[in-house]
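Just below is one structure, and these are the notes that go with it.
The values are calculated or read from the model by the stated rules, or taken from the named source; none is laboratory data. Only a predicted model underlies this, so the values are computations on that prediction, with no experimental measurement involved. Backbone-built Cβ (ideal geometry, glycine too); neighbour counts: all protein chains shown.
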Amino acid sequence: MNPTSRSRPAPDVTAKGPTPQPSSASTAARAVRRQRFNAVDLSLIAVFAALLAASIAIPGINVGPLGVAITLQTLVVSLCGLVLGFARGTAAVGLYILLGLVGLPIFSGFRAGPAVLASPSAGYIIGFIFGAAVVGLLAAWAVRSRFKTAALFGAALAGMVVIHVFGIIGLTLKGMALPAAIGADVIFLPGDILKNVIAVAIALSLHRAFPDLLVRRRR
Amino acid sequence: MSASARQSIVLSAAGVDIVPADAAAAGPKTILKPLTLELAEQRIAVIGANGSGKSTLLRLLNGLVLPSTGSVRVNGLDTAADGAAVRRTVGFVFTDPLSQLVMPTPVEDVELSLRRLKLPKKERRARALDILAGYRLAHLAGNSIYELSGGERQMVALATVLAVEPSILVLDEPSTLLDLRNTRLLRERLASLPQQVVMSTHDLDLAADCGRVLVVDDAGIAFDGPPDDAVARYRALVG
Amino acid sequence: MRGHAHLVAGYIPGRSPFHRMPLWVKAVLLLLVAVLCLASPAVSVPAGAAVTTAVLLAAVASHGVARLPWGRLWRAVKLMLVFLVLIAAYQWWEHGALVAWQVVAAIVATVLASNVLTATTPVDELLDGLAAMVRPLERFGADPERFSLTVALMLRSIPFVIGAFSDVRDAARARGLERNLLARSLPVVIATVGYARATGEALVARGLGDPEPDDDASGGTGPGR
């Protein structure tokens with residue numbers, strides 16, 4: 001099965017065929033935009049959004065003396081960027097957040113709906129999109145780097161910083177003092193760093209299992 | 001479009017090589033050596049060992065995999081140039097119906113197939129229920145696909161593919177995940193179809209139902225002919 | 001067994017006025033709540049506190065009218081209790097008790113109001129509402145059909161992913177690796193990517209997911225043609 005599914009992207013090269021051109025410039029522009037994601041891309045976006053939604057339903061694993069139950073959610077956010085890259089990774093996180101805001105109980109604690117934007121953790125939720133985008137942008141460069149593992153970890157950490165900055169801004173916007181917001185935030189840092197280590201390990205294995213996953217063919 | 005009209009699939013020197021994503025690795029790997037074949041019989045089976053190239057051969061028939069050399073034409077349409085049209089002609093059923101069924105319930109999945117017809121929502125639903133009823137699956141219409149048994153899932157997958165009335169049906173090891181009883185049901189269902197059927201299988205009984213059997217071995221066709229001889233050849237290859 | 005039960009957990013069936021109200025009315029009401037809570041303090045501190053208190057009482061009353069269990073109301077507050085206390089303490093210290101009350105009441109009121117919306121609207125209706133919101137974007141290059149397909153794919157994949165997590169947890173437990181985060185997540189992600197690819201391939205085989213054949217896709221210029 002694997003070799004055939006891997007051969008899927010081949011149409012990019014072979015399918016060019018006789019190419020009747022779209023009649024006007026505007027339809028051409030639209031066609032280009034639409035074809036950015038093919039069916040496999042759509043499927044990956046949807047399934048990673050599902051992975052994010054499912055990650056909150058997985059019972060947290062207790063770590064550390066504080067007994068903070070960590071969920072796998074931030075791990076999956078990093079993974080979206082590391083595995084899917086900028087466009088698809090951001091789309092996956094965006095789709096997840098959109099459906100959560102619309103009312104599916106897929107935010108941590110099974111919260112749902114626009115309420116989340118009013119809650120103090122709104123900054124983190126919004127930060128997920130930007131975090132995944134940053135990780136995705138850097139990951140495309142990191143996989144080609146000589147120090148691939150370190151570069152990918154750096155990308156994941158950069159994304160984590162973005163998420164935490166958004167989170168802290170969100171807390172202060174809701175009326176919390178900056179020191180208190182930072183204090184409330186750093187509790188989650190050790191767990192998130194650990195999760196990023198794992199995210200990078202998973203991403204490296206995935207890149208081995210599916211070599212053309214992140215590096216898409218040029219057309 | 002009539003399914004009973006004679007169909008023809010022509011492969012001309014169609015081969016599939018894979019260029020590894022890692023440029024440093026060894027050269028292209030041959031998945032299927034160039035083949036020249038005409039498939040016109042009503043029932044054709046493809047048998048052979050795992051990894052022999054059966055799946056790739058089937059995927060060539062509806063443009064899921066495009067040949068890296070040569071061409072594949074279905075009723076005159078080139079799979080590379082007219083992929084969308086070819087896929088409207090050739091329905092494809094996968095081994096695992098769970099990856100094929102996209103929507104949460106059977107009725108929604110059939111509706112998804114019917115989307116192309118651009119019907120109003122209500123009419124589309126009615127049509128989908130009709131189709132399920134036609135395959136005696138109406139009682140499952142609203143169930144979660146996760147609640148269906150393996151056999152039911154495969155029947156639903158078949159119905160969603162047949163909903164758009166393809167004239168050729170390609171099945172990739174349709175009975176691998178089925179028990180004996182469900183395999184028999186599938187066999188009866190396939191026998192009753194007006195479509196041309198091409199399927200790969202490990203079930204030699206299923207292969208024996210077909211007028212023509214291709215034995216695939218080591219990325220090429222090792223035998224092409226009537227089922228009895230083909231099965232004998234396959235056994236000899238294994239033994 | 002791995003149905004979609006947890007997906008509809010947000011919805012509580014009933015026949016209250018809120019259950020029968022069209023979704024757009026509920027959305028407008030929710031927007032009104034947010035605007036009142038945010039804008040009223042701009043007039044004056046006491047006015048803001050008074051308006052926000054009224055809105056909060058209305059939100060709590062709506063919970064009652066919709067006949068939602070009170071436990072649900074408490075759960076919504078409980079999840080953000082720590083933050084609420086921190087916020088209240090800081091605001092009290094900086095600006096006094098009235099402001100602290102207004103800020104906290106505004107957060108709780110919006111969260112509760114939005115809870116009423118989610119609890120009284122079935123998921124299907126919410127998704128239809130989402131699709132209706134996307135439709136006008138078509139002229140800007142959005143493709144509502146492909147968007148709905150992606151949403152459907154996601155919903156359908158959640159049970160698969162949860163199932164994969166529980167299978168992998170069992171396997172990890174059998175090997176004594178249940179506290180190993182990598183052993184518990186890597187196989188899930190690999191299975192998930194494989195599943196996404198198989199689904200993508202099935203979509204292509206059924207002629208779905210690629211742009212519609214009758215408009216811009218005449219040429220076979222892109223992938224998956």
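With of a type in the set (Ser, Thr, Tyr), in contact (Cβ under 8 Å) with a residue 60 or more places away in the chain and more than 20 Å from residue C:200 (Cβ to Cβ) as the only criterion, which of B:89, B:105, B:95 stands out? Give the steps one after another, and end with the answer.
Working: B:105 fails: in contact (Cβ under 8 Å) with a residue 60 or more places away in the chain; B:95 fails: more than 20 Å from residue C:200 (Cβ to Cβ).
Result of the check over B:89, B:105, B:95: B:89.
Evaluate the following for residue C:60: is it in the same structural domain as residue C:23 (by TED's automatic domain parsing) and within 22 Å of residue C:38 (Cβ to Cβ)? Let's see the steps before the verdict.
On the way: in the same structural domain as residue C:23 (by TED's automatic domain parsing): yes; within 22 Å of residue C:38 (Cβ to Cβ): yes.
In short, yes.
In the stretch B:93-115, how many are β-branched (Val, Ile, Thr) and more than 19 Å from residue B:199 (Cβ to Cβ)?
Start the filter on the stretch B:93-115 by keeping residues that are β-branched (Val, Ile, Thr), which leaves B:93, B:95, B:102, B:105, B:107, B:110.
Checking which are more than 19 Å from residue B:199 (Cβ to Cβ) leaves us with B:102, B:105, B:107, B:110.
Adding up the residues that qualify gives 4.
Condition first: under 17 Å from residue B:207 (Cα atoms) and within 12 Å of chain C (Cβ to nearest Cβ). Can you find one or more residues in the stretch B:155-169 that meet it?
yes
Considering A:135, A:162, A:200, which residue is surrounded by fewer than 22 Cβ atoms within 10 Å (Cβ to Cβ), among the β-branched types (Val, Ile, Thr) and more than 9 Å from chain C (Cβ to nearest Cβ)?
Values: A:135 fails: surrounded by fewer than 22 Cβ atoms within 10 Å (Cβ to Cβ); A:200 fails: surrounded by fewer than 22 Cβ atoms within 10 Å (Cβ to Cβ).
Matching residue, one of A:135, A:162, A:200: A:162.
Starting from residues that are within 9 Å of another protein chain (Cβ to nearest Cβ) and touching a residue at least 12 places away in the same chain (Cβ under 8 Å), keep the ones in the stretch A:174-196 and report whichever is surrounded by the fewest Cβ atoms within 10 Å (Cβ to Cβ).
Selected residue: A:194.
Only one of B:170, B:156, B:161 is without any contact (Cβ under 8 Å) to a residue 60 or more places away in the chain and crowded, with 22+ Cβ neighbours inside 10 Å. Can you tell me which? Outline the logic, then answer.
Working: B:170 fails: without any contact (Cβ under 8 Å) to a residue 60 or more places away in the chain; B:161 fails: without any contact (Cβ under 8 Å) to a residue 60 or more places away in the chain.
Of the residues listed, the single one that is without any contact (Cβ under 8 Å) to a residue 60 or more places away in the chain and crowded, with 22+ Cβ neighbours inside 10 Å is B:156.
Can you name every residue in the stretch A:151-173 that is of a type outside the set (S, T, N, Q) and free of Cβ contacts under 8 Å to residues at least 24 places away in the same chain?
Filtering the stretch A:151-173 down to residues of a type outside the set (S, T, N, Q) leaves A:151-171, A:173.
Of everything in the stretch A:151-173, those that are of a type outside the set (S, T, N, Q) and free of Cβ contacts under 8 Å to residues at least 24 places away in the same chain turn out to be A:151, A:154, A:161.
Output yes when any residue across the stretch A:117-137 is at positive phi and among the aromatic types (Phe, Trp, Tyr), and no when none is.
Here is the first cut: in the stretch A:117-137, the residues at positive phi are none.
Within the stretch A:117-137 (the criterion being at positive phi and among the aromatic types (Phe, Trp, Tyr)), the answer is no, since none of the residues qualifies.
Looking at A:157, A:178, A:214, A:204, which is the one that is over 30 Å from residue C:107 (Cα atoms) and in contact with a Ser or Thr (Cβ under 8 Å, 6 or more places away or on another chain)? Before the answer, list the steps.
Details: A:157 fails: in contact with a Ser or Thr (Cβ under 8 Å, 6 or more places away or on another chain); A:178 fails: over 30 Å from residue C:107 (Cα atoms); A:214 fails: in contact with a Ser or Thr (Cβ under 8 Å, 6 or more places away or on another chain).
Of A:157, A:178, A:214, A:204, the one residue that is over 30 Å from residue C:107 (Cα atoms) and in contact with a Ser or Thr (Cβ under 8 Å, 6 or more places away or on another chain) is A:204.
Which fully enclosed helices (runs of 4 or more DSSP H) of the stretch A:45-143 have 1 or more residues being more than 18 Å from residue A:184 (Cβ to Cβ) and modelled with pLDDT of 85 or more?
Numbers: elements: A:73-102, A:115-118, A:122-142.
Counting at least 1 such residues, we get A:73-102, A:122-142.
Would you say residue C:185 is assigned to a helix (DSSP H, G or I), free of Cβ contacts under 8 Å to residues at least 40 places away in the same chain, surrounded by fewer than 22 Cβ atoms within 10 Å (Cβ to Cβ) and of a type in the set (S, T, N, Q)? Walk me through how you get there before you give the answer.
Working: assigned to a helix (DSSP H, G or I): yes; free of Cβ contacts under 8 Å to residues at least 40 places away in the same chain: yes; surrounded by fewer than 22 Cβ atoms within 10 Å (Cβ to Cβ): no; of a type in the set (S, T, N, Q): yes.
In short, no.
Looking at (1) of a type outside the set (Phe, Trp, Tyr); (2) assigned to a loop (DSSP other than H, G, I, E, B); (3) in contact (Cβ under 8 Å) with a residue 60 or more places away in the chain; (4) away from every other protein chain (no Cβ under 14 Å), which is the only condition residue B:206 fails?
Exception for residue B:206: condition (2).
Which ones in the stretch C:152-172 are at the interface with another protein chain (Cβ under 7 Å from one of its Cβ atoms), closer than 17 Å to residue B:103 by Cα and not small (Gly, Ala, Ser)? Walk me through it before giving the result.
Start the filter on the stretch C:152-172 by keeping residues that are at the interface with another protein chain (Cβ under 7 Å from one of its Cβ atoms), which leaves C:152-159, C:161-162, C:165.
If we keep only those that are closer than 17 Å to residue B:103 by Cα too, we end up with C:152-159, C:161-162.
Scanning the stretch C:152-172 gives C:153, C:154, C:155, C:156, C:158, C:159, C:161, C:162.
Scan the stretch C:158-182 residue by residue and report those that are out of contact with any helix residue (DSSP H, G or I) (no Cβ under 9 Å at 6 or more places or on another chain) and in a helix (DSSP H, G or I).
Hits for the stretch C:158-182 are C:166, C:170, C:173, C:174.
Considering only the stretch B:117-153, state which residues are in a helix (DSSP H, G or I), at pLDDT below 85 and surrounded by 15 or more Cβ atoms within 10 Å (Cβ to Cβ).
Within the stretch B:117-153, B:145, B:146 meet the criteria.
Given the options A:206, A:171, name the one that is within 14 Å of chain B (Cβ to nearest Cβ), crowded, with 19+ Cβ neighbours inside 10 Å and in contact with a helix residue (DSSP H, G or I) (Cβ under 7 Å, 6 or more places away or on another chain). Walk me through it before giving the result.
Working: A:171 fails: within 14 Å of chain B (Cβ to nearest Cβ).
One residue alone meets the criteria, A:206.
If you take just the helices (runs of 4 or more DSSP H) that sit entirely in the stretch C:40-145, which of them hold at least 2 residues that are at the interface with another protein chain (Cβ under 10 Å from one of its Cβ atoms) and surrounded by fewer than 18 Cβ atoms within 10 Å (Cβ to Cβ)? Don't jump to the end; show me each part of the working.
Values: elements: C:45-65, C:70-78, C:81-95, C:97-120, C:123-134.
In the stretch C:40-145, the matching helices (runs of 4 or more DSSP H) lie at C:70-78, C:81-95, C:123-134.
Quick check on my filter: what residues within the stretch C:195-205 are under 27 Å from the mean Cα position of the chain (by Cα) and either more than 7 Å from chain A (Cβ to nearest Cβ) or among the aliphatic types (A, V, I, L, M) (or both)? I'd like the intermediate steps shown before the answer.
Restricting attention to the stretch C:195-205, the residues satisfying the condition of being under 27 Å from the mean Cα position of the chain (by Cα) are C:195-197, C:199-200, C:203.
Once the filter is applied, which keeps residues that are under 27 Å from the mean Cα position of the chain (by Cα) and either more than 7 Å from chain A (Cβ to nearest Cβ) or among the aliphatic types (A, V, I, L, M) (or both), the stretch C:195-205 yields C:196, C:203.
Residue C:157: of a type outside the set (A, V, I, L, M, F, W, C) and modelled with pLDDT of 85 or more, yes or no? Walk me through how you get there before you give the answer.
Values: of a type outside the set (A, V, I, L, M, F, W, C): yes; modelled with pLDDT of 85 or more: yes.
The answer is yes for residue C:157.
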